[in-house]
Structure formats: C-alpha cells, structure tokens
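Here the structure is laid out as structure tokens; the discussion comes afterwards.
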Amino acid sequence: MKIARFHIGDSPTRIGRVDETADGVRITDVSDILGTSLRTILPILPGLTDQVLGAKGTTYALADVVLEAPIDNPQKYLGIGMNYKEHAEEARQAGIPIPENQMWFNKQVSCIVGPYDSIVKPNISDALDYEIELGVVIGQRCKNVSVEDARSVIAGYLVTNDVSVRDWLQKRSPTFTLGKSFDTHGPIGPWLTTDDEIADPLDLQMTLTVNGEVRQDWPTNDMIYNIYEQIAYLTQVFTLMPGDILATGTPSGIGAPTGNFLKVGDVVRAEIQGLGAIENRVVSEG
C-alpha cells in the first residue's frame, strides 16, 4: 500500500490510500479506518490492509490536495553519515575522516516538512546542500533486533532529502546535529510505501536533480552498512519506536566537493524507484 497524509484548503488532516490509475495519481480518503495519525496506527497497519485496499471513500486527484509529511510527530529522525563508498571519499576530501563504525546523528524532528514544501536558505550560510536518501520508517517498538529479523520491524519507506548546511557541520558545531536540523531541512514523502510493496529495498535507483540537472544517480545496493545492519546496530543502544525515521545514507554527487551549493530559486527533485518523488523549491529566509 501507499498511504498519504493530506488536507484540502483549510480542512483538517486526512489519511488517504494512494492509487496510480490511468488518469494519474488518486487519493482515496480512508480516515474512517486509519484516523488522522499514521504514526500511531503503524503497529497494526498490516492487519488493516484488506480494509484499506477495499475502502470506497471520497477520491481526489493529486493536484487537488496538499500532501503533508507522511509521518506525524516522529520521536526520532536519525541519519547515518558517509554510508556510500564514493560519498565517504567526498567527505574525506572535505576534511571529514571516514568513520570506522556506523556514524549516526540526529536531525531534530522540527526540521521535517512535506514533500512539496519549500526549503528555506538561511541568511547565515551560503553552503546549503542536498542529499537524497532512502528513508526507513520503523513500524514496531523494538530493541536488540538481529540483522536477520530487522526487516520485520520496518513499516515502509519514503524519499528523504537530508538537506545540510555544510559550514555548520563540525566547523561551527562539534557535532552534525545543528547543520542537519535547520527548519524546513527535512522534506520527506511523498507518502509511505509499505514494506510489502517493495521486493528489495536494497535494489532501488535514487535520482536527485537540481533545476532538471542530474546531480545524484545511484542504487541503494552500494551502502557500506545496509538498512538491516543499521537497525541492528541502533537497537543495541536504544529502543526504536513506531514512526521513527532512519535516513540511510546518501551517494556521491553532493554539492560540497565542488562548491555547487543550492541557491534561492533552485528546484530540487528527489526520486526513488517505486517510492515516488519529492520536489522542493529553495526560498530566502524572512
């Protein structure tokens, strides 16, 4: 299934089933089944599949709704750094040593915005960068999960752009958190694609363009630590909760090595095979 959160005009948030039809993408309101919080329903979502797929609620064209971030109020938004070989080398050339273990950082959840919302370029930096990443959404409360069992705790996947302010990564702060957490720097979506829809999440093509120019184009099978190893590693330390989001690494092609940073007016499109695309325009602050 593909499940979206949306609203129309000033109406409250609804939850809808996403259907790709001959007439384009349609959103069928299934709020009577799932409520209005996708995060809280995740643990029981697989058992509601038949009801959701059979629902005959009001249907809208995609152009007639405003899509919101698919996961509401996640407890955690975590990212792994330098998890693709060539990107790790890019980081090393920028003076960031390649880690010997998984390197995790927080993106504050206040950075999250919807799939078509604007990205605000902060006045205090000109080093605004992009990073397409496969987003993994946790579906079950879990601790000490083995690599072999890790897929069983995944609710689904979404597209993420781990927008980064490069001069606030370690240079102006000793951790990545500040440079990764500016407001609006966490666009996600366009909807949640449930795990059963994806045959192999480690065999998906990711493509990011800026104003139509391809900047990143890479498969998810080139991760140094795959998504199951990531879940096993994290749950040795703390409990992952339903709705927690893991940004699982970005491939090469970021702007930092060449200084090709984002500018006001740029349109960034991030697309992952089978998951859809998010598209965000860069706007000025204030």
Worksheet item: Which of the residues belonging to the range 11-61 are farther than 27 Å from Asp244 by Cα and among the hydroxyl-bearing types (Ser, Thr, Tyr)?
Response: Thr21, Thr58, Thr59, Tyr60
Practice prompt. State the number of residues belonging to the range 113-141 that are part of a strand (DSSP E or B), open to solvent by less than 10 Å² (accessible area, probe 1.4 Å) and either closer than 22 Å to Arg215 by Cα or of a type outside the set (Val, Ile, Thr) (or both).
Written response: 7
Discussion item. Just checking: which of the strands (runs of 3 or more DSSP E) contained wholly in the range 187-257 hold 1 or more residues that are open to solvent by 10 Å² or more (accessible area, probe 1.4 Å)?
Written reply: 205-210, 213-219
Worksheet item: Any idea which of (1) under 28 Å from Ile41 (Cα atoms); (2) out of contact with any Leu (no Cβ under 8 Å at 6 or more places or on another chain); (3) open to solvent by less than 60 Å² (accessible area, probe 1.4 Å) is the one Lys107 doesn't satisfy?
Response: (2)
Discussion item. Testing Val264 on (1) out of contact with any helix residue (DSSP H, G or I) (no Cβ under 9 Å at 6 or more places or on another chain); (2) over 22 Å from Ser110 (Cα atoms); (3) at pLDDT 95 or above; (4) open to solvent by 20 Å² or more (accessible area, probe 1.4 Å), one condition comes back false. Which one is that?
Written reply: (2)
Fill in: Cβ-Cβ under 6 Å pairs, at least 6 apart or on other chains, the range 239-264 side on the phi < 0 side of the Ramachandran plot and small (Gly, Ala, Ser), far side part of a loop (DSSP other than H, G, I, E, B) and open to solvent by 40 Å² or more (accessible area, probe 1.4 Å)
Gly255/Phe261; Ala256/Ala94
Worksheet item: Among the strands (runs of 3 or more DSSP E) contained in the range 1-88, which hold 2 or more residues that are among the hydroxyl-bearing types (Ser, Thr, Tyr)?
Response: 59-61
Worksheet item: Out of all the residues in the range 213-238, which are out of contact with any strand residue (DSSP E or B) (no Cβ under 8 Å at 6 or more places or on another chain) and either free of Cβ contacts under 8 Å to residues at least 12 places away in the same chain or closer than 15 Å to Leu134 by Cα (or both)?
Response: Glu213, Asn221, Asn226, Tyr228, Glu229, Val237
Worksheet item: If you take the residues in the range 45-88 that are among the aromatic types (Phe, Trp, Tyr) and within 26 Å of Arg215 (Cα to Cα), which one is modelled with the lowest pLDDT?
Response: Tyr84
Worksheet, complete the sentence: Among Leu78, Leu34, Leu42, Leu38, the single one that is within 23 Å of the chain's Cα centre (by Cα), buried (at least 22 other Cβ atoms within 10 Å of the Cβ), over 21 Å from Gly274 (Cα atoms) and touching a residue at least 24 places away in the same chain (Cβ under 8 Å) is Leu34
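The values are calculated or read from the model by the stated rules, or taken from the named source; none is laboratory data. Quick caveat: nothing in here was measured; it's all calculated off a predicted structure. Every residue, glycine among them, receives a Cβ derived from its backbone with ideal geometry; neighbour counts consider all protein chains shown. To get the accessible areas, we keep the full protein, side chains included, count just its heavy atoms, and leave off ligands, DNA and RNA. Shrake-Rupley method; radii C 1.70, N 1.55, O 1.52, S 1.80 Å.
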